[in-house]
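Working notes, structure below.
The values are calculated or read from the model by the stated rules, or taken from the named source; none is laboratory data. Everything numeric in this text was worked out from a predicted model, so none of it was measured. Glycine gets a Cβ as well: all are built from the backbone with ideal geometry, and neighbour counts include every protein chain shown. Just so you know, the surface numbers come from the protein's heavy atoms only, side chains and all, with ligands and any DNA or RNA stripped out. Shrake-Rupley method; radii C 1.70, N 1.55, O 1.52, S 1.80 Å.
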Amino acid sequence: MEITENMTETENKEVQTTGPIPITVAYGDGIGPEIMEATLRILDAAGAGLQYDVVDIGEAVYLKGVSSGIPDNAWETIRRNNSFLKAPITTPQGGGYKSLNVTIRKSLNLFANVRPAKTLTPYVESQFPGIDLVIVRENEEDLYAGIEHRQTNEVYQTLKLISRPGTERIVRYAFEYARAYGRKRVTCMTKDNIMKLSDGLFHQVFNEISQEYPEIEADHSIIDIGAARLATNPQSFDVVVTLNLYGDILSDITSQVSGSVGLGGSANIGPTVSMFEAVHGSAPDIAGKNIANPSGLLSAATMMLVHLGKGEIATKIANAWLRTLEDGIHTGDIWREGKSSQRVGTREFTDAVIERLGTKPEHLQPAEFSEGKGIAIEVPPIPRAEKHLVGIDIFLDWHTDNRNPDVLGQGLESATTEGVKLKMITNRGVKVYPGGIPETFQTDHWRCRFVATDGGNLSYGDALALQNRLTEAGYEIIKTENLYTFDGERGYSLGQGE
Ligand code: NAI
């Protein structure tokens, strides 16, 4: 049925639900156009029933002076469609260009990055046969907020922001994913032995939410030993949920150890729009030569089909692809003497997959995606705790010749206003006053903790008066952090040695 101007609104809606599903497509840079063409050819041959709305993003747009790499009119298309299939793009060298991926993820609220890693030995080499795991990475928060400051001559800062709603959403997503895909275990990885508040929140939320999924095993690992185990015993993991930076690193480790950096796809899931892409970049060194492996983008497209409720088509494509690899038809990146039967280019590999649509692998485990794996996450409102100001950390740029903390401490004490007292001074987190030890290295960046003299609440007016007084006394304040309790619980860390 064709859409005509005379059709009623109801008839139009019917066309939209029964006709091809529109998705946004970006051909990208480098090998992007070749692997996208290959992927779309396979989707069409499999009868995926999609319509492609193409947007131009990436290098050419950057070089036209759009620092985000994405023009305004592309946003409209991306926001209109449920799914965005994106080929890799090249970020031009030099300053001023913003990461397109980070911009898209954060603008569209793509909170979950899902990266499966699976070995296909003996057909694709890996040191670790039997890997079948998924990294679920929080995609928007953490150090990727990009809030950085140089505060003194010597010290630079990046803010790590972790929110309870953001954490609840990603942890719940990991458990819902495990449930939907029949996975048995979810492992949380944090560094909460050091970052007790931010990573501590992530671990605590994980413990709370895991109670709602009694059929799924839940455990926690400190990120350093967890990463070491992922690198040496990846077969023992199932689903791993973690914060943004750790997830970024872990997912590259797992892609590498599974031997499939060129084969991996990833999904960036949001509440309305989701983006699907290969794990690898635009590979400019092999662009335009018909040698790139289109498998990474094809895997991403398979994830997209499952997301769109087209599990049957996803299964058909994944099985044809597995059969092609099993038949030894390999692009140069995975071709091995004695193991592969035919070394092919991008187009020939694509033809081979299309020829095998409708077949299954004979030795590898066939893929089986059921319909409707779309996962909707609801985060209940977070109750507001009773919050009280109990002190203030005032950070100073102080750089006398001998940097004696006792001189600073005594100077601050004599400048302190009524009702407020200096509790301690730390340098890079270590207490240096009162009672510091001479071996502690000192930079020009000092955190000076003030609390109410009576140990109770502090008024913000008193905190401001203190800052005015310190400024008048010649101290340079570079920033402040209020110290709060929430329902009586301390909302700040103690200094080392406090
Ligand atoms: P890369 O992943 O593009 O390439 C690394 C190596 O793997 C190269 O030797 C390349 O030839 C090979 N390779 C990658 N994909 C392949 C495939 N499908 N088939 C066969 N061989 C393949 O990483 P690189 O060189 O660090 O980055 C190149 C550009 O890609 C940079 O501008 C970078 O910013 C961008 N990039 C874009 C990403 C995205 O759009 N999602 C992700 C990562 C990098």
Of the residues Thr90, Thr103, which is among the polar types (S, T, N, Q), within 16 Å of the ligand (Cβ to nearest atom), open to solvent by less than 30 Å² (accessible area, probe 1.4 Å) and not in a strand (DSSP E or B)?
Thr90
When you look at Pro271, is it surrounded by fewer than 16 Cβ atoms within 10 Å (Cβ to Cβ) and within 16 Å of the chain's Cα centre (by Cα), yes or no?
yes
Within the stretch 328-345, track down each residue that is of a type in the set (Gly, Ala, Ser), within 12 Å of the ligand (Cβ to nearest atom) and either within 17 Å of Leu364 (Cα to Cα) or not in a loop (DSSP other than H, G, I, E, B) (or both).
none
When every residue in the stretch 246-264 that is more than 13 Å from the ligand (Cβ to nearest atom) and surrounded by fewer than 18 Cβ atoms within 10 Å (Cβ to Cβ) is compared, the one farthest from Leu325 (Cα to Cα) is Ile249
Does Val306 count as modelled with pLDDT under 95 and β-branched (Val, Ile, Thr)?
yes
Does Ala314 fit the bill of being among the small types (Gly, Ala, Ser), surrounded by 22 or more Cβ atoms within 10 Å (Cβ to Cβ) and within 15 Å of the ligand (Cβ to nearest atom)?
no
Looking at Asp487, is it of a type outside the set (Ser, Thr, Tyr) and at positive phi?
yes
Enumerated strands (runs of 3 or more DSSP E) restricted to the stretch 132-205, each holding at least 2 residues that are among the hydroxyl-bearing types (Ser, Thr, Tyr)
156-158, 185-190
Test of understanding: among Ala320, Ala278, Ala301, Ala292, which residue is more than 23 Å from Glu59 (Cα to Cα), touching a helix residue (DSSP H, G or I) at 6+ places or on another chain (Cβ under 6 Å) and in contact (Cβ under 8 Å) with a residue 40 or more places away in the chain?
Ala320
If you check Ile375 against the conditions, is it out of contact with any Cys (no Cβ under 8 Å at 6 or more places or on another chain) and within 16 Å of the ligand (Cβ to nearest atom)?
no
The residue that is farthest from the chain's Cα centre (by Cα), considering only those in the stretch 42-87 that are of a type outside the set (S, T, N, Q), away from the ligand (no atom under 16 Å from the Cβ) and in a helix (DSSP H, G or I), is Ala45
Could you figure out which of (1) under 30 Å from Met304 (Cα atoms); (2) assigned to a loop (DSSP other than H, G, I, E, B) isn't true of Ile354?
(2)
